[in-house]
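Q: Structure in structure tokens, see below.
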């Protein structure tokens, strides 16, 4: 079971790498035509392709690229100057910092509110938070970000509305500039997890064993904490994982809005500049993170769920 | 009884649709949602005839003026009427997503049902490819295609329809598995119905419920994607008005001319919330739990 999951994850990453490579291959133009733009013809183009090694067969180049990526070497950017691994390093750290702050603030809050709204189903508390959650998760990030900047930065002047720190600065310098981006990211995340936890709590509380416990006269909070929550919160792990994965897309917009020097903004710049090696590298990193996060969630569910645990141990 | 034009099956199906609609309308979220969506659709259709100004008419004397009798929502940085541009700003988005959503749901749905029924090795391999596609963020997949092929609607519609159909495959496949395991399918088989009959009469109507809710949600996510792309400068090209683009343009002047942002923000938010409330009510009316699905 465990090995199977790891194997499937690795297969997915491999397929992604093929899709990314083939995708860039199929698209008209290559790194050299993009880099040289109008001058892309004759000798200049040939020279460039020679130095970039674009004259070899696609299979050969894929093998080169993939084996390099496995060793942590993602190649060089289209203008041939900088190693991508170096470029990406700080950006990846900054994006992870943003995500981590949003997670530490958002997940406990989401679980708490999800449990409360689930237990208080259709009461005023539930209606207020569930409706707010629908708003938070459906409004585009750039809209909520713009509104928050308008209110907290422009009108109230409490927080900086734009990040001016450069990509390589130490983590401490990102505060307090990072606060608004974290709030926007955390809001969307909280909303998704809240709704999941809520429906999970409602479902569990309607279960036969909970009814049985109530009839037996077990105290309410004992039922909630000992019987209901352990079962209700397990599925939340997977939703947290799905949400994180989905935020990898949303975070791009947030980084652009706040001028945050993360991986997302680097991706937009690379796509605009048609810097294909960088696009490939970022796509591969993001996909690997996605698969990794989902895998971790599966493993955690397996470890925390006694039924799956024994099953997994016997199965493997 | 000779004058009944519809067959009993069609008749009950119509009645059921009306019943579902009534159920949706009976919920507060359904009433508000459907009203919002209907208002937006009507405005999008009639707006070219009711807007007070030309959307691209610039006036250097009227740059960034606040709301007034002549310009209810003020003017933007080029002196264009904001109200006019807000009224027209949803047309492109609604047109693109309105065409792309049904295409995405149909191709994703058909493929999902197919693989749900076939199963086996083929299904296993294909699902890995689907997973691989899903593990790339939407914005990356779409931007690469758009930057290569251009930003017109002839690129945006197929791109959105393609990428947003992929998650539908998973949903339709799961729904198919779910329905196939039910007793009424075995009953239909036991009655001796052929494969085609069982699929078209028993399976499809049941999977269709899930796909309808899925379609409504895809629609709102497509709108989100479309407006985000516009905001980033990869969607509608100026001077055509679009909410995402308008917000991007007006953001720089937000500190002294916030009306330029507020108009499109309210318009875009109300449409997306309207669609989501409707999808929510529809899911409840059809008895489908949608809370567990995160967007992809």
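The values are calculated or read from the model by the stated rules, or taken from the named source; none is laboratory data. Owing to the predicted nature of the structure, the values given are computational and were not obtained by experimental measurement. Glycine also receives a Cβ, built like all others from the backbone with ideal geometry; neighbour counts cover every protein chain displayed.
Q: Please verify whether residue A:197 is at pLDDT 85 or above, within 12 Å of another protein chain (Cβ to nearest Cβ) and touching a helix residue (DSSP H, G or I) at 6+ places or on another chain (Cβ under 9 Å), treating the condition exactly as stated.
A: yes
Q: To continue, here is another question. Keeping to the range A:151-173, report how many residues are in contact (Cβ under 8 Å) with a residue 60 or more places away in the chain and not in a loop (DSSP other than H, G, I, E, B).
A: Residues flagged as in contact (Cβ under 8 Å) with a residue 60 or more places away in the chain and not in a loop (DSSP other than H, G, I, E, B) within the range A:151-173 amount to 1.
Q: Show the residue pairs that are 6+ apart or on different chains and have beta-carbon atoms under 6 Å apart, the first residue being within the range A:1-17 and away from every other protein chain (no Cβ under 11 Å), the second being at pLDDT below 85 and part of a helix (DSSP H, G or I).
A: So the pair list comes out as A:1/A:312; A:1/A:315; A:2/A:312; A:5/A:298.
Q: Next question, about the same structure. Please state which of the following conditions residue A:116 fails to meet, knowing it meets all the rest: (1) under 23 Å from residue A:287 (Cα atoms); (2) away from chain B (no Cβ under 13 Å).
A: If we test residue A:116 against (1) under 23 Å from residue A:287 (Cα atoms); (2) away from chain B (no Cβ under 13 Å), just (1) comes out false.
Q: In this structure, does residue B:51 turn out to be without any contact (Cβ under 8 Å) to a residue 40 or more places away in the chain and in contact with a helix residue (DSSP H, G or I) (Cβ under 6 Å, 6 or more places away or on another chain)? Steps first, answer last, please.
A: Working: without any contact (Cβ under 8 Å) to a residue 40 or more places away in the chain: yes; in contact with a helix residue (DSSP H, G or I) (Cβ under 6 Å, 6 or more places away or on another chain): yes.
Spelling it out, residue B:51 is indeed without any contact (Cβ under 8 Å) to a residue 40 or more places away in the chain and in contact with a helix residue (DSSP H, G or I) (Cβ under 6 Å, 6 or more places away or on another chain).
Q: Give the range B:124-156 a look and list any residue that's within 14 Å of chain A (Cβ to nearest Cβ), in contact (Cβ under 8 Å) with a residue 40 or more places away in the chain and part of a helix (DSSP H, G or I), or say none.
A: B:127, B:130, B:134, B:138, B:139, B:142, B:143, B:146, B:147
Q: Being out of contact with any strand residue (DSSP E or B) (no Cβ under 6 Å at 6 or more places or on another chain) and surrounded by fewer than 19 Cβ atoms within 10 Å (Cβ to Cβ) narrows it down to one residue among A:124, A:140; which is it?
A: The conditions single out A:124.
Q: Among the residues of the range A:138-150, write down those that are within 16 Å of residue B:273 (Cα to Cα), in contact (Cβ under 8 Å) with a residue 60 or more places away in the chain and more than 7 Å from chain B (Cβ to nearest Cβ).
A: A:141
Q: With (1) touching a helix residue (DSSP H, G or I) at 6+ places or on another chain (Cβ under 6 Å); (2) within 10 Å of another protein chain (Cβ to nearest Cβ); (3) under 20 Å from residue A:105 (Cα atoms) as the list, and residue A:135 as the residue in question, which single condition is left unmet?
A: Here residue A:135 clears every test but (1).
Q: Can you tell me which residues in the range A:287-316 are under 19 Å from residue B:128 (Cα atoms) and either crowded, with 17+ Cβ neighbours inside 10 Å or at pLDDT below 80 (or both)?
A: Of everything in the range A:287-316, those that are under 19 Å from residue B:128 (Cα atoms) and either crowded, with 17+ Cβ neighbours inside 10 Å or at pLDDT below 80 (or both) turn out to be A:287, A:288, A:289, A:290, A:291, A:293, A:294, A:295, A:297, A:298.
Q: When the residues of the range A:244-274 are filtered to those that are in contact with a helix residue (DSSP H, G or I) (Cβ under 7 Å, 6 or more places away or on another chain) and not in a helix (DSSP H, G or I), which remaining residue is farthest from the other protein chains (Cβ to nearest Cβ)?
A: Ranking the candidates gives A:261 first.
Q: Failed condition for residue B:193, given (1) away from chain A (no Cβ under 14 Å); (2) under 14 Å from residue B:100 (Cα atoms), with all others met?
A: Against the list (1) away from chain A (no Cβ under 14 Å); (2) under 14 Å from residue B:100 (Cα atoms), residue B:193 comes up short only on (2).
Rundown of residues vs (1) surrounded by fewer than 21 Cβ atoms within 10 Å (Cβ to Cβ); (2) free of Cβ contacts under 8 Å to residues at least 40 places away in the same chain; (3) farther than 14 Å from residue B:94 by Cα, yes/no style:
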| position | (1), (2), (3) |
| --- | --- |
| B:213 | no, no, yes |
| B:219 | no, no, no |
| B:230 | no, no, no |
| B:257 | yes, no, yes |
| B:260 | no, no, yes |
| B:272 | no, no, no |
| B:277 | no, no, yes |
| B:284 | yes, no, yes |
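Q: Could you grab me the full set of residues in the range B:68-125 that are closer than 18 Å to residue B:244 by Cα and surrounded by fewer than 18 Cβ atoms within 10 Å (Cβ to Cβ)?
A: B:77, B:78, B:95, B:98
Q: Of A:180, A:215, which residue is more than 14 Å from chain B (Cβ to nearest Cβ), in a helix (DSSP H, G or I) and at negative phi? Spell out how you get there, then give the answer.
A: Values: A:180 fails: more than 14 Å from chain B (Cβ to nearest Cβ).
After ruling out the rest, the residue left standing is A:215.
Q: Related question: Assigned to a helix (DSSP H, G or I), modelled with pLDDT of 85 or more, at the interface with another protein chain (Cβ under 9 Å from one of its Cβ atoms) and crowded, with 18+ Cβ neighbours inside 10 Å: is that true of residue A:239 in this structure?
A: Details: assigned to a helix (DSSP H, G or I): yes; modelled with pLDDT of 85 or more: no; at the interface with another protein chain (Cβ under 9 Å from one of its Cβ atoms): yes; crowded, with 18+ Cβ neighbours inside 10 Å: yes.
When the stated conditions are applied, residue A:239 does not pass them.
Q: Restricting to the range B:157-169, name every residue that is closer than 19 Å to residue B:288 by Cβ and either within 12 Å of chain A (Cβ to nearest Cβ) or free of Cβ contacts under 8 Å to residues at least 60 places away in the same chain (or both).
A: Residue satisfying the conditions is B:167 alone.
Here is a yes/no grid of residues against (1) out of contact with any helix residue (DSSP H, G or I) (no Cβ under 7 Å at 6 or more places or on another chain); (2) modelled with pLDDT of 85 or more; (3) farther than 22 Å from residue B:226 by Cα:
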{"position": "B:75", "(1), (2), (3)": "no, no, yes"}
{"position": "B:78", "(1), (2), (3)": "yes, no, yes"}
{"position": "B:82", "(1), (2), (3)": "no, no, no"}
{"position": "B:113", "(1), (2), (3)": "no, yes, yes"}
{"position": "B:116", "(1), (2), (3)": "no, yes, yes"}
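Q: Sticking with this structure for a sec: Quick one: would you say residue A:202 is within 13 Å of chain B (Cβ to nearest Cβ) and either in a helix (DSSP H, G or I) or touching a residue at least 60 places away in the same chain (Cβ under 8 Å) (or both)?
A: yes
Q: Determine if the range A:63-73 includes at least one residue that is surrounded by 17 or more Cβ atoms within 10 Å (Cβ to Cβ) and modelled with pLDDT of 70 or more.
A: Yes, some residue in the range A:63-73 is surrounded by 17 or more Cβ atoms within 10 Å (Cβ to Cβ) and modelled with pLDDT of 70 or more.
Q: Being farther than 17 Å from residue B:238 by Cβ and part of a loop (DSSP other than H, G, I, E, B) is the filter here, so list the residues in the range B:52-63 that pass it.
A: Correct list: B:52 only.
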